[in-house]
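Take a look at the structure below.
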Amino acid sequence: MTIIYNVDTEKEVTPLMVRDAMLECFYQAHCLDASLGSGGAVKDKLRRDYCSQIVRKAFVDSGGDFAKPTKASIKGAVEELKEFSKNFRDREIINRHAAEIYQLAKKIK
């Protein structure tokens with residue numbers, strides 16, 4: 001069994017599951033950072049909300065619909081997020097995360 005951002009790759013994968021995996025991926029990559037310090041549930045919610053806004057914007061900027069993602073809109077949003085992330089993260093890390101999401105997207109029927 002392989003789990004990628006809470007998605008079991010051996011089971012059916014839906015666009016909503018991949019979108020939610022993108023949220024978790026982006027949160028882990030950009031907001032779950034020891035240098036940001038702790039702050040409890042309130043600070044964690046603010047970080048998750050921040051990440052959610054960026055992912056939502058990536059869908060909009062690529063012509064997709066966050067509420068009704070498709071395989072194509074997921075790929076477009078990933079490309080937007082890669083572009084955004086290049087200012088903060090190493091290209092190798094960005095490509096690794098993108099590859100994980102693409103792996104999930106390939107499983108969408």
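The values are calculated or read from the model by the stated rules, or taken from the named source; none is laboratory data. Quick caveat, the model's predicted, so the values are computed rather than measured. Cβ sites come from the backbone with ideal geometry, for glycine too, and all protein chains shown count toward neighbours.
Some values worked out for this structure:
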| item | result |
| --- | --- |
| Residue that is in a helix (DSSP H, G or I), at pLDDT below 80 and β-branched (V, I, T), where the choices are V42, V60, V55 | V42 |
| One residue from K43, K11, K71, K82 being charged (D, E, K, R) and exposed (fewer than 11 other Cβ atoms within 10 Å of the Cβ) | K11 |
| Segment 63-82: number of residues that are of a type in the set (A, V, I, L, M) and not in a helix (DSSP H, G or I) | 1 |
